[in-house]
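Working notes, beginning with the structure itself.
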Amino acid sequence: MTNALEQLLREITSQPALENDFYRRWMSESIRIEELEIFARNYGAWVKSFPDALATLIAATDDLDAKGEYVKTLYSEMGYGNPRKAHSVLLDDFFKELARKLGEGGRLNRDRLERDVELLSSTRELIEGERELYGDAQMSFGAQLALEWQAYTMLRKLYDGARNYLPLWSNPDEFHEACEYFYTHIGAAEKDHKEESLNAVRRYARDEESLARIVEGYHRHLKLISDFWQGLYRAVTELAAKSSAATGEA
């Protein structure tokens, strides 16, 4: 592993992808159902799209060892062959249960959100940009490295915010059962994915030119992720401001 990449990974938690206004808002307070709709629609779309982007990465990679590492990650994302344990399904289950506890049953169901809530432009840019990066035989290694090395902190912060809703559950055990999506990542999955992405990079960073392309993919992906969270924060904040203004006028 080169010193340049080691330094990047040491500094990743201070990047805007992980230090941003949305995380601060999400972890500090519970947000209203209308704001949750925006969050669930956009974050859910990214989570659902990721296995397809990862499949693109696998197809673009000629190195058999690197390809094998990414296949492990994809298999994990898809619930190790159990469709009920696919990560996007576990996330849907959390949002469904949260809406029910808020007295808004069905409000955060994916099919309803996809029909009634518009996808933000920053979310489209992330999904499309991720697939573009993963289709590049060189930048894809850096892009996946960025994704996986920010993912543990991302999921930990999202779980910390989810705990703001714990009082809605009369039985705390049921809350933790509903949080399987977060525990899957905070447990072994993201630790394994980090190592898999690092192993793939070690295979490909053969010279200065290949290293430069890996670093470029790393930075471009982090920027897409940062823009996604900032776009989500703006949308949620603007909606909250409009609601406050409407309440004040009433």
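FYI, it's all coordinate maths here, none of it is from the lab. Remember, it's a predicted structure, so these values are computed and weren't measured experimentally. Virtual Cβ from ideal backbone geometry, glycine too; neighbours counted across all protein chains shown.
Kindly put H221, H185 in sequence by how many other C-beta atoms sit within 10 Å of each C-beta, fewest to most. Before the final figure, lay out the partial values.
Numbers: H221 25, H185 22.
Fewest-to-most Cβ neighbours within 10 Å comes out as H185, H221.
Ordered by packing density, taken as the mean number of other Cβ atoms within 10 Å over each peptide's residues, highest first, how do 106-115, 167-176 rank? Provide the component values of the computation, followed by the final result.
Details: 106-115: 15.5, 167-176: 12.0.
Top of the packing list down: 106-115, 167-176.
Using the count of nearby Cβ atoms within 10 Å as a rough guide to exposure, how do I58, I33 rank from fewest to most?
Working: I58 17, I33 14.
The most exposed by this proxy come first: I33, I58.
Per q in 0.07 1/Å, what log10 I(q)/I(0) does a Debye calculation on the alpha-carbon atoms of segment 3-244 return?
Scattering profile of segment 3-244, log10 relative to I(0): -0.23.
Mind listing which GluC sites (Glu not before Pro) in segment 1-35 are in a DSSP loop and have 16 or fewer other Cβ atoms within 10 Å? It would help to have the intermediate numbers written out before the result.
Details: sites: E6, E11, E19, E29, E34, E35; in loops: E11, E19, E29.
Hits after loop and neighbour filter: E11, E19, E29.
Arrange M78, M139 by Cβ neighbour counts within 10 Å, fewest through most, would you?
Working: M78 17, M139 23.
The most exposed by this proxy come first: M78, M139.
Would you tally the net charge around R25, using a Cβ to Cβ cut-off of less than 15 Å, leaving R25 out, and scoring K and R as +1, D and E as -1? Each step should come with its number before you reach the end.
Values: positive: R24, R32, K157, R163, R234; negative: E19, D21, E29, E34, E35, D160, E238.
Surrounding charge for R25 is -2.
When the helix-only estimate is applied to the chain (DSSP H runs of n ≥ 4, each -39,500 (n - 2.57), divided by the residue count), what is the mean residue ellipticity at 222 nm, nearest 500 deg cm²/dmol? Could the numbers behind the result be given before it?
On the way: 12 runs with 187 residues, N = 250.
-24500 deg cm²/dmol, from helical runs alone.
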